Amino acid sequence: MTTTSQEVERTKQRGQVSQAHLFRLVNRVRELGLLIVLLLIILIVGIQAPRFLSIDNFEQILLSVAILAIVALGETLVVLTRNVDLSVGSMVGVTAFVTAYFFKQLPQSNLLLGILLGCALGLVLGMVNGLIVSFGRVPAIVATLGTLYVYRALVFIVAAHTTLQVNASDVPASYLALATTQIFGIPALILIAAIIAIIVGYFLHASQSGRQLYAVGSNPEAANIIGIRRDRLVFAAFAASGLLCGLAGVLWGARFATVDATDATGLELQVIAAVVVGGVNIFGGSGTILGVVLGAIVLGTLQNGLNILNISQFWLQAMYGAAIIGAVVLDAFITRWVQRTILSRRKKA
Amino acid sequence: MKRLKSLLVSWEALLVLLLLIGVVIGSVLSPFFLSSFNLEYALPSNTMEIAIMALPMTLIIISGEIDLSVASVLGLASVVLGLLWETGHSMWLAIGVALLVGLVAGCLNGLLVTKLSLPSLVITIGTLALYRGLAYVVLGDQAVSNFPTSFTNLGFGTIPGTEIPWSGLIFAILVVIFVVVLHVSRLGRQLYAMGNNKEAARFSGINVSRVKLMLFILSGVIAALAGIIFTARFSSARPDNALGFELYVVTVVLLGGVNIFGGRGSLLGVVLAIFIVAVLQSVMGLLNISGDIQSLAIGLLLILSVLGPNLARRIQVVITRRPLAAGSSKQV
């Protein structure tokens, strides 16, 4: 094809492609990019260590990603509103410890009761965050940096007054089975994460509140003018993040069985890495659930790959940091490109 | 403007009051609080690293940015120092390289924030993880602790003939320099201008990018210096040194009355806040409260130092039944 005909083709496309379409295109490209990165990791690690490619190992990866993904989904709701929740690691820690301790003290109690307890506890912690941010008007970063340490201290206080560590032998098998049961050959943990992802994805895509969440993040003033109640939505996003952290905490206790007060410390960095790598704009207003899930899977696969290649786990945290920075830098370039494209199109029109 | 000034003065008066209350409670709760050992040694040195890192943080927050990576830079500088000493290099070289590490780390933060105009909040969360991760990569789960006495004196020792610890002298010198820079020099006025209105500051001829880059480099170097003092004080270089100290640094600055959105605040308030946190830590330490639970108080203090004034303003609005003035939306 000659240069001229290419240009003609492009101009034609420009006329047809709407702005919204362009954003959707960017999202698809990002998701495709993540898939390619994922395949590259699998290929590179797989060539050097064939056992990486076993079904068993993929199941292990998904198991380790499941909890991270659930927390990342909640974080996504918060980040979409142009806020951030740094307290997720501590919320998971609190609920994991309290739930495990609950089952240790009352091994005969109903499984569902323990799950509900964990979720309710997470919800309350998330609502506290939401109240401070949306009604107390404290910037999310300050509020959740504070609650990160307050909630973590709560676990230490609870642990100091109860038991320093809950062991696998202390809790009923039915609780541990939450992580190990298989339904149609798929571990329940993975199924739960998948169901949550579908629910959150559907909510964001199709419900009114879901769309309003995007509106609040992409242009708070405009959202205010068209009558969206921003405070309530931000509050709800933090509450939902807490609720999902509560669920993740319950599952954390079931999966790792041995729980102490330091569990899930620093999880917030992995979660934020998964969210921004997954293409959620840190300024709010754009991002997809599919992207976030892929982001979590990419990070989980990378972690597993490092493990299998016997590369020191000490590299992991540095890697999360690099992933956050890399994703944000990439996003900045994409945003600039989109803006420039829109601008040049307007000039032509 | 007058009301703003009176608010600022009253905030600092409140801090003085808080400090006095803290001292009274401390001396009531523990007979050791007012002992000469606690006052001269434990009280100032326990918060020394936080205190010196709070100085550049004040400037950065006033200019409208934030640096959450300071504690990680501290840790990274500490392990680099330890590694160089252990591999047989001179202490002076180790200190020099550690400071250089801080400079490079700060420079990377600054370049990412200014050249790509990315939010410092997110970038420094990323480098918080990156620098701490690199600290683990450098030293693994090991620790270096066989430092020479001449070096650990920097943390433990006092200036010959006096009772003033070396690190106290470093802090005092830095405070004087920072007060001059922020409250006397032209650069200080530029920082306030940038924090209040970045665009207006640029149009009035301030090279916003360059000033911010300098601030982040300064923050990195000071964090590395804090890392050297920390290493000397505990005679130990570990990758998890000062883990989570960014909470304390940010708390001190915001408690000192610096506006999180930039443009307002003074070093007097921050220095007062440093003393309040030092007293609080000392009291909790004397009461045998563990570090993990101490951070509960610091976390609450951080939230309350922003929430308190906001709620006070809301209540004031309700009482006077007056809608918020148009200009005050930024403070909220």
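The values are calculated or read from the model by the stated rules, or taken from the named source; none is laboratory data. None of the values given here were measured: they were computed from a predicted structure. Every residue, glycine among them, receives a Cβ derived from its backbone with ideal geometry; neighbour counts consider all protein chains shown.
Of the residues making up the stretch B:167-196, those that are surrounded by 13 or more Cβ atoms within 10 Å (Cβ to Cβ) and of a type in the set (Lys, Arg) number 1. Here the condition is being within 19 Å of residue B:59 (Cβ to Cβ) and either of a type in the set (Asp, Glu) or part of a helix (DSSP H, G or I) (or both); of B:278, B:273, it holds for B:273 alone. Residues satisfying the criterion are absent from the stretch A:166-186 (criterion: within 14 Å of chain B (Cβ to nearest Cβ) and over 19 Å from residue A:109 (Cα atoms)).
So, in the stretch A:304-349, exactly how many residues are more than 24 Å from the chain's Cα centre (by Cα) and facing another protein chain (nearest Cβ under 10 Å)?
Of all residues in the stretch A:304-349, those more than 24 Å from the chain's Cα centre (by Cα) come to A:308-312, A:336-349.
Narrowing further to those that are facing another protein chain (nearest Cβ under 10 Å): A:312, A:336.
Total satisfying the criteria: 2.
Listed by first and then second residue, the pairs with beta-carbon distance under 8 Å, at least 6 apart or on different chains, first residue in the stretch A:209-235 and in a helix (DSSP H, G or I), second of a type in the set (D, E, K, R), are A:216/A:82; A:216/A:230; A:217/A:82; A:220/A:82; A:220/A:230; A:223/A:230; A:224/A:230. If we scan the stretch A:78-89, do we find a residue that is crowded, with 18+ Cβ neighbours inside 10 Å, within 12 Å of chain B (Cβ to nearest Cβ), farther than 24 Å from residue B:308 by Cα and not aliphatic (A, V, I, L, M)? Scanning the stretch A:78-89, I find at least one residue that is crowded, with 18+ Cβ neighbours inside 10 Å, within 12 Å of chain B (Cβ to nearest Cβ), farther than 24 Å from residue B:308 by Cα and not aliphatic (A, V, I, L, M), so the answer is yes.
Confirm whether residue A:95 is part of a helix (DSSP H, G or I) and in contact with a Cys (Cβ under 7 Å, 6 or more places away or on another chain). Here the answer is yes, as residue A:95 does meet what is asked.
Listed here are the residues, each with its yes/no results for (1) modelled with pLDDT of 95 or more; (2) in a helix (DSSP H, G or I); (3) farther than 29 Å from residue B:151 by Cβ.
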residue: B:23; (1), (2), (3): no, yes, yes
residue: B:31; (1), (2), (3): no, no, yes
residue: B:34; (1), (2), (3): no, no, yes
residue: B:43; (1), (2), (3): no, yes, no
residue: B:49; (1), (2), (3): no, yes, no
residue: B:52; (1), (2), (3): no, yes, no
residue: B:66; (1), (2), (3): no, no, yes
residue: B:73; (1), (2), (3): yes, yes, no
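It is to be established whether one or more residues within the stretch B:136-145 are touching a Gly at 6+ places or on another chain (Cβ under 7 Å) and polar (S, T, N, Q). No, that holds for no residue. Restricting B:258, B:253 to those that are in a helix (DSSP H, G or I), within 12 Å of chain A (Cβ to nearest Cβ), in contact (Cβ under 8 Å) with a residue 24 or more places away in the chain and surrounded by 22 or more Cβ atoms within 10 Å (Cβ to Cβ) reduces the list to B:253. The numbered conditions (1) crowded, with 16+ Cβ neighbours inside 10 Å; (2) not in a loop (DSSP other than H, G, I, E, B) are all true for residue A:340 except (1).
From the list B:134, B:116, the one residue that fits, being modelled with pLDDT under 90, under 25 Å from residue B:212 (Cα atoms) and within 7 Å of chain A (Cβ to nearest Cβ), is B:116.
Against the test of being buried (at least 17 other Cβ atoms within 10 Å of the Cβ) and either out of contact with any Lys or Arg (no Cβ under 9 Å at 6 or more places or on another chain) or of a type in the set (S, T, N, Q) (or both), the options A:106, A:73, A:53 yield a single qualifying residue, A:73.
For residue A:122, the conditions (1) modelled with pLDDT of 95 or more; (2) within 14 Å of chain B (Cβ to nearest Cβ) all hold with the exception of (2). Checking each residue in the stretch A:136-165 for being out of contact with any Ser or Thr (no Cβ under 7 Å at 6 or more places or on another chain) and away from every other protein chain (no Cβ under 14 Å) picks out A:162, A:163. Scanning the stretch A:305-337 for residues that are part of a loop (DSSP other than H, G, I, E, B) and among the aliphatic types (A, V, I, L, M) yields a total of 2. Does residue B:242 count as modelled with pLDDT under 90 and either more than 9 Å from every other protein chain (Cβ to nearest Cβ) or in contact with a strand residue (DSSP E or B) (Cβ under 8 Å, 6 or more places away or on another chain) (or both)? The answer is yes for residue B:242.
For residue A:285, state whether it is assigned to a helix (DSSP H, G or I), farther than 26 Å from residue A:42 by Cβ and either at pLDDT 90 or above or not hydrophobic (A, V, I, L, M, F, W, C) (or both).
Values: assigned to a helix (DSSP H, G or I): no; farther than 26 Å from residue A:42 by Cβ: yes; either at pLDDT 90 or above or not hydrophobic (A, V, I, L, M, F, W, C) (or both): yes.
Spelling it out, it is not the case that residue A:285 is assigned to a helix (DSSP H, G or I), farther than 26 Å from residue A:42 by Cβ and either at pLDDT 90 or above or not hydrophobic (A, V, I, L, M, F, W, C) (or both).
Only a single criterion out of (1) part of a helix (DSSP H, G or I); (2) touching a residue at least 24 places away in the same chain (Cβ under 8 Å); (3) away from chain B (no Cβ under 14 Å) is not satisfied by residue A:107, namely (1).
For residue A:135, state whether it is touching a strand residue (DSSP E or B) at 6+ places or on another chain (Cβ under 8 Å) and either surrounded by fewer than 19 Cβ atoms within 10 Å (Cβ to Cβ) or under 25 Å from residue A:270 (Cβ atoms) (or both). It would help to see each step written out before you state the result.
Numbers: touching a strand residue (DSSP E or B) at 6+ places or on another chain (Cβ under 8 Å): no; either surrounded by fewer than 19 Cβ atoms within 10 Å (Cβ to Cβ) or under 25 Å from residue A:270 (Cβ atoms) (or both): yes.
Against the criterion (touching a strand residue (DSSP E or B) at 6+ places or on another chain (Cβ under 8 Å) and either surrounded by fewer than 19 Cβ atoms within 10 Å (Cβ to Cβ) or under 25 Å from residue A:270 (Cβ atoms) (or both)), residue A:135 does not qualify.
State yes or no: is residue A:249 within 24 Å of the chain's Cα centre (by Cα), within 30 Å of residue B:297 (Cβ to Cβ), surrounded by 15 or more Cβ atoms within 10 Å (Cβ to Cβ) and more than 14 Å from chain B (Cβ to nearest Cβ)?
yes
When residue A:163 is tested against (1) in a helix (DSSP H, G or I); (2) within 27 Å of residue A:94 (Cβ to Cβ), exactly one condition is not met: (1).
Taken across the stretch A:192-201, residues that are over 22 Å from residue A:27 (Cβ atoms), assigned to a helix (DSSP H, G or I) and out of contact with any strand residue (DSSP E or B) (no Cβ under 8 Å at 6 or more places or on another chain) do occur, with at least one present.
Only one of A:274, A:318, A:332 is surrounded by fewer than 22 Cβ atoms within 10 Å (Cβ to Cβ), touching a Leu at 6+ places or on another chain (Cβ under 6 Å) and under 21 Å from residue A:82 (Cβ atoms). Can you tell me which? That would be A:332, the only listed residue that is surrounded by fewer than 22 Cβ atoms within 10 Å (Cβ to Cβ), touching a Leu at 6+ places or on another chain (Cβ under 6 Å) and under 21 Å from residue A:82 (Cβ atoms).
Kindly indicate whether any position in the stretch A:270-279 is away from chain B (no Cβ under 14 Å), in a helix (DSSP H, G or I) and among the β-branched types (Val, Ile, Thr). Scanning the stretch A:270-279, I find no residue that is away from chain B (no Cβ under 14 Å), in a helix (DSSP H, G or I) and among the β-branched types (Val, Ile, Thr), so the answer is no. Considering the conditions (1) surrounded by fewer than 24 Cβ atoms within 10 Å (Cβ to Cβ); (2) over 15 Å from the mean Cα position of the chain (by Cα), residue A:300 is excluded by exactly one of them, (2). Taking the stated definitions as given, is residue A:189 more than 14 Å from every other protein chain (Cβ to nearest Cβ) and surrounded by 15 or more Cβ atoms within 10 Å (Cβ to Cβ)? Judged against the criteria, residue A:189 is a match.
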